[in-house]
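Accompanying notes for the structure given below.
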Amino acid sequence: MATINLEGAIVPVTGAASGIGLAICRRLRELGAYPILLDLNAGLLEAAARDLYQDEDGSRFAYVVDVCDARAMEQTLRLAAREHGSITHAVASAGIVGREPVIEMSDETWRSVLDVNLNGVFYFCREVGRQMAKQQRGSIVTISSVAGMYVREGRSAYSASKAGVILFTSALALELGPKGVRVNSVAPALIDTPIQKANASATVSAVAERTALKRMGTPEEVADAVVFLLSDMSSYITGHALVADGGLSTRYN
């Protein structure tokens, strides 16, 4: 019988210093895996690594890297494999939110959202995919969003980027499946993260009320979905976007 067994797995995670990424890393450590923390915020990254690896030098598992820098991402992931062993699982979690109407949106906002949320996923998955294809095994999870399936005003850049992640995930699954590598996505909605805390509380409460469960989700609940897709418990699932939205998408409009 398949179980969630990630003991000893080497798992790079982007956006690992806070929010959903950090929650994923915590869950991985609880299961005996070794998350490789990748983030651009050096201060938060150092604190997260110290917290996760209390009995050893956590800095060895933390790498400051910009997901938008293709060359830096490639070099970092290859270095991580040399220093820690074969990468068997990976999570693309880094992301930002843009909230501007199209006709008011600057070129900079559009490019930055697409660069982090879509290009960053591509650069990361391209390199871990290469490594896993050589090993003929592996599991990759991307973090997309229900905003990539349904749209709301002021979210054009974000929705476009997350829709791209969902279809890119399916395309990569198709290409890597014959090489023994699975690729899936988790699509959250309203999750209690620092990004959401920056929103107006009235807006957050109104959206939470629209979910079937009448509440926001937690980063830990997203992490549980990620761990399921990483593990052999989902061995016949690939190219799938697992919605984790508390039922919001049942009436998302």
When the stretch 162-177 is checked residue by residue, the ones that are among the aliphatic types (A, V, I, L, M) and either within 20 Å of PRO188 (Cβ to Cβ) or touching a residue at least 60 places away in the same chain (Cβ under 8 Å) (or both) are ALA163, VAL165, ILE166, LEU167, LEU172, ALA173, LEU174
Select, from VAL91, VAL165, VAL121, VAL64, the only residue that is surrounded by fewer than 21 Cβ atoms within 10 Å (Cβ to Cβ) and of a type in the set (Val, Ile, Thr).
VAL64
Subset of the stretch 168-186 that is among the hydroxyl-bearing types (Ser, Thr, Tyr) and surrounded by 20 or more Cβ atoms within 10 Å (Cβ to Cβ) - its residue that is nearest to PHE122 (Cα to Cα)
THR169
Restricting the stretch 14-23 to residues that are outside any loop (DSSP other than H, G, I, E, B) and touching a Ser or Thr at 6+ places or on another chain (Cβ under 6 Å), the residue that is nearest to HIS89 (Cα to Cα):
THR14
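One line per residue, one yes/no per condition, for (1) modelled with pLDDT under 95; (2) charged (D, E, K, R); (3) under 24 Å from ALA147 (Cβ atoms):
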{"site": "LEU31", "(1), (2), (3)": "no, no, no"}
{"site": "LEU38", "(1), (2), (3)": "no, no, yes"}
{"site": "ALA49", "(1), (2), (3)": "no, no, no"}
{"site": "GLY58", "(1), (2), (3)": "yes, no, no"}
{"site": "ARG82", "(1), (2), (3)": "no, yes, no"}
{"site": "ALA90", "(1), (2), (3)": "no, no, yes"}
{"site": "VAL97", "(1), (2), (3)": "yes, no, yes"}
{"site": "VAL113", "(1), (2), (3)": "no, no, yes"}
{"site": "GLY120", "(1), (2), (3)": "no, no, yes"}
Hey, among VAL227, VAL207, which residue is surrounded by 14 or more Cβ atoms within 10 Å (Cβ to Cβ), modelled with pLDDT of 90 or more and at negative phi?
VAL227
In the set ALA206, ALA160, which member is under 23 Å from SER249 (Cβ atoms) and either touching a helix residue (DSSP H, G or I) at 6+ places or on another chain (Cβ under 8 Å) or of a type in the set (Ser, Thr, Tyr) (or both)?
ALA160
Please verify whether GLU100 is surrounded by fewer than 16 Cβ atoms within 10 Å (Cβ to Cβ) and acidic (Asp, Glu), treating the condition exactly as stated.
no
Given (1) in a helix (DSSP H, G or I); (2) in contact (Cβ under 8 Å) with a residue 40 or more places away in the chain; (3) more than 30 Å from THR3 (Cα to Cα), where does ALA208 come up short, assuming only one miss?
(2)
State which residue is modelled with the highest pLDDT when the search covers only the stretch 230-253 and only residues that are in a helix (DSSP H, G or I) and over 28 Å from GLY32 (Cα atoms).
LEU248
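The values are calculated or read from the model by the stated rules, or taken from the named source; none is laboratory data. None of the values given here were measured: they were computed from a predicted structure. As a convention, Cβ positions derive from the backbone with ideal geometry for all residues, glycine included, and neighbour counts pool all protein chains shown.
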